[in-house]
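What follows is a single structure, written as structure tokens, with notes after it.
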Amino acid sequence: MKRISKPRAGRLKKRVDTGQGDLFAQGQGTPVSADPPPVPAAETPPPRPIGDWPTGHLLDALNLHLHAEPPAHPSLIATIDELAKRREPEAARHLITTCRRFAAFDQQQPAPEVVAALDALARIGPPSAAVPLIDLIRRGLFGPASTAAALDCFGALRCRPAADLIRPNLEHPHPRVRQSACGLAAALDRRDDASLLAPLLNDPDRGVAKAARLALGELGHAPAREPLEELLDRATPIDIPRVARALVAVADDDTPVKLARAADRCDEEGRCAIVAALGAMEQPGAVTQLIRLSRDTRPAVRLAVIEALSNHEDKRIPAALGTLSHDADPAVRDAAEAALRSFDASPDW
């Protein structure tokens, strides 16, 4: 009898083509999706740098922030800062509107928009532009940071109608406001208010005491000289120029020597500020220290010395200028020669 063989186990059967295709042809057992592949989203171009915006467009953006739907870019503060850099006068009225708009919020929580607007107004001006803010300060609508910024703005613009804000804000509970009130008194040359500032020399806040010393020095309040000279001894190089300026009106015979010593630990800018202060002083010792500083290693300082010497009358000055007329730096030589010609032409020589 003929033996019939059985199919071996695991033997694949012949595939029958049904015309449907192989649904598992791609991937490891993963069905082919019937959906088309996703189209990548178009990249959003980065916003144009605000420095490239025309001024007119920036003014439009500022107006939209205040009166309509605010644009996503640029922000209100960025717009204000850029217009301040350009000192655009058309922005002044919008800055006042910004202060008024955010004043109520500023009482509850500091509004950086107000500080930005006040800082910008201080750079743009004019003084009359800041007058509407005086009433906001009187009514106490600003928080401490904005009040201080407003007083700084009045000082920077020499806004004299703001003078009556000095007295109440010298007594403000926040030290930052008291500092700015001192600065405003100095900026407006309120010598009659020196007696109001004097108690702040001993203010418990060091920043206020420092501001009072500087302001009283600029106002010519003689008792401020010793506190200022103490401040000069420990002042950082960045503070020395302002201390030097404040000492001019209250200097005595020893002040020029102390300033010249401070110059040894200053950078070029600080040494030039000290030279300018010595040029503005009437003490004879100022000329001695200027001649000493005429040997400074930096041409900018030697140029400042030539200008400062022209403010004095002293028989030693022509010889000092003659030495500088042979300076290695051509700009110094030219300035010294011009100063010598001015001395020769003066009827006092």
Under 7 Å between Cβ atoms, which residue pairs at least 6 apart in sequence (or on different chains) link something in the stretch 255-271 that is free of Cβ contacts under 8 Å to residues at least 60 places away in the same chain and surrounded by fewer than 15 Cβ atoms within 10 Å (Cβ to Cβ) with a partner that is of a type in the set (A, V, I, L, M, F, W, C) and assigned to a helix (DSSP H, G or I)?
GLU268/ALA300; GLU268/VAL301
Which pairs turn up if I take residues in the stretch 327-349 that are more than 15 Å from ALA304 (Cα to Cα) and look for partners that are open to solvent by 30 Å² or more (accessible area, probe 1.4 Å) and modelled with pLDDT under 90 with beta carbon separation below 6 Å, at least 6 apart in sequence or on another chain?
PHE343/TRP349
For the stretch 274-285, which residues satisfy the criterion of being at pLDDT 95 or above and open to solvent by 20 Å² or more (accessible area, probe 1.4 Å)?
ALA276, ALA280
Return yes when THR288 is farther than 30 Å from ILE166 by Cα, in a helix (DSSP H, G or I), open to solvent by 40 Å² or more (accessible area, probe 1.4 Å) and hydroxyl-bearing (Ser, Thr, Tyr) and no when it is not.
yes
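Scan the stretch 100-112 and tell me whether some residue there is modelled with pLDDT of 95 or more and of a type in the set (A, V, I, L, M, F, W, C).
Looking through the stretch 100-112, none of the residues is modelled with pLDDT of 95 or more and of a type in the set (A, V, I, L, M, F, W, C).
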Flagged pairs (Cβ under 6 angstrom, 6 or more apart or on separate chains; first in the stretch 74-98, closer than 15 Å to VAL131 by Cα and among the charged types (D, E, K, R); second buried (at least 17 other Cβ atoms within 10 Å of the Cβ) and at pLDDT 95 or above) are none
Consider the stretch 292-339. How many of its residues are open to solvent by 20 Å² or more (accessible area, probe 1.4 Å) and among the polar types (S, T, N, Q)?
4
Kindly check whether there is at least one residue in the stretch 66-78 that is under 24 Å from the mean Cα position of the chain (by Cα) and open to solvent by less than 10 Å² (accessible area, probe 1.4 Å).
yes
Say we look at the stretch 217-241 and pick out the residues that are open to solvent by 30 Å² or more (accessible area, probe 1.4 Å), assigned to a helix (DSSP H, G or I) and of a type in the set (D, E, K, R); which of these is nearest to GLY279 (Cα to Cα)?
GLU218
For the stretch 53-62, give me each residue that is surrounded by 16 or more Cβ atoms within 10 Å (Cβ to Cβ) and under 19 Å from ALA129 (Cβ atoms).
LEU58, LEU59, LEU62
All but one of (1) over 30 Å from ALA211 (Cα atoms); (2) not in a loop (DSSP other than H, G, I, E, B) hold for ASP296, so report the exception by its number.
(2)
List every residue pair whose Cβ atoms sit under 7 Å apart, with the two residues 6 or more apart in sequence or on different chains, where the first one lies in the stretch 41-70 and is part of a helix (DSSP H, G or I) and the second, anywhere, is among the small types (Gly, Ala, Ser) and at pLDDT 90 or above.
ILE50/ALA78; LEU59/ALA91; LEU62/ALA91
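The values are calculated or read from the model by the stated rules, or taken from the named source; none is laboratory data. What you see is a predicted model; the values in this text were computed from it and never measured. When we count neighbours, we look across all protein chains shown, and the Cβ atoms used for this are built from the backbone with ideal geometry, even at glycine. All accessible areas refer to the heavy atoms of the entire protein, side chains included, with ligands and DNA or RNA removed. Shrake-Rupley method; radii C 1.70, N 1.55, O 1.52, S 1.80 Å.
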